[in-house]
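S.K.: Below you will find the structure I want to go over with you.
The values are calculated or read from the model by the stated rules, or taken from the named source; none is laboratory data. Since the structure is predicted, the reported quantities are computational estimates derived from the model, not experimental observations. With ideal geometry, Cβ positions are generated from the backbone for all residues, glycine too; neighbour counts draw on all protein chains shown.
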Amino acid sequence: MSYWTETHVNSLKRARDFYDISKVAISVLKTMPGPVFEVCGPISTGQYSYQENIKIFGGCLKKLQRLGFMPFDILPLQEGFDRLIVEWHKKNGNGYCNPILDIVYKSIFQSGIIKAAFFLPTWEQSFGANWERKTFLELKIPIFEYPVGWYEEVLQNIQF
C-alpha cells in the first residue's frame, strides 16, 4: 500500500530544490500510520545496476508490507531526484550528490516519524546507506538487519 498520491508525485516533478523534495516526503510520512520504518540499501551504487536496485528495493518494501510492517516507500523520491541531480552535477561536477542525504534524508530522519530502519544485506556497498546508518546511530533510531532469507526470496522473485 502506497501513501504517495498523484498530488505528491506531481509536487516532486515541480520541485525546485532538495528542500522542496524533503517537504513532500515529510508530507507523505505524516499520512502514514506508525510505526514507520525506513529501508536502507543500494540504489545508485552497489553490485547491481540502478534499474536492478530499484526492483530489489521495491521487492524488499513489498515483503515488509506483507509481513505487517509500515515501510516508507522512498522510490517515488527518485522522480524529484533525477532532474535535480543532473542540475547539481552541472554546477558541482561528478561525485555523490550530497544534498540528497544532507537535506532530504536528514530532514526525514530528524522529523521523528521514522521509528526504525531495516538495512538490506548489501547496505555496505552503498555510500548513502553508510551515511544513513551513521545518522540513525547519531539520532538513536533503532537499526535492524533485513534478514538474508527474506532478501534472497526477493531476489528469486525478481526478473532482471
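S.K.: Is there any pair with a first residue in region 3-18 that is under 19 Å from residue 36 (Cβ atoms) and a second that is of a type in the set (S, T, N, Q) whose Cβ atoms are under 6 Å apart and which are 6 or more apart or on different chains, and what are they?
M.R.: Within 6 Å, the pairs are 3/31.
S.K.: Something else now. Of the numbered conditions (1) modelled with pLDDT of 95 or more; (2) surrounded by fewer than 14 Cβ atoms within 10 Å (Cβ to Cβ), residue 91 fails exactly one; give the number of that condition.
M.R.: Going through (1) modelled with pLDDT of 95 or more; (2) surrounded by fewer than 14 Cβ atoms within 10 Å (Cβ to Cβ) one by one, residue 91 breaks only (1).
S.K.: May I ask you to list the residues in region 24-48 that are assigned to a helix (DSSP H, G or I), touching a residue at least 24 places away in the same chain (Cβ under 8 Å) and either in contact with a helix residue (DSSP H, G or I) (Cβ under 6 Å, 6 or more places away or on another chain) or surrounded by 13 or more Cβ atoms within 10 Å (Cβ to Cβ) (or both)? Steps first, please.
M.R.: As a first pass, look at region 24-48 and keep what is assigned to a helix (DSSP H, G or I): 24-31.
Now drop any that are not touching a residue at least 24 places away in the same chain (Cβ under 8 Å), which leaves 24-26, 28-31.
Correct list: 24, 25, 26, 28, 29.
S.K.: Scan 81, 136 and give me the residue that is crowded, with 16+ Cβ neighbours inside 10 Å, modelled with pLDDT of 95 or more and among the aromatic types (Phe, Trp, Tyr). Steps first, answer last, please.
M.R.: On the way: 81 fails: modelled with pLDDT of 95 or more.
It is 136.
S.K.: I've got another one for you. Among the residues of region 119-129, is any within 14 Å of the chain's Cα centre (by Cα) and farther than 14 Å from residue 45 by Cβ?
M.R.: Yes, the conditions are met somewhere in region 119-129.
S.K.: For region 72-158, which fully contained helices (runs of 4 or more DSSP H) count at least 2 residues that are free of Cβ contacts under 8 Å to residues at least 60 places away in the same chain and within 17 Å of residue 50 (Cα to Cα)? Lay out the reasoning, then the answer.
M.R.: Working: elements: 77-92, 106-110, 127-138, 148-156.
Of the helices (runs of 4 or more DSSP H) lying wholly inside region 72-158, those with at least 2 residues that are free of Cβ contacts under 8 Å to residues at least 60 places away in the same chain and within 17 Å of residue 50 (Cα to Cα) span 77-92.
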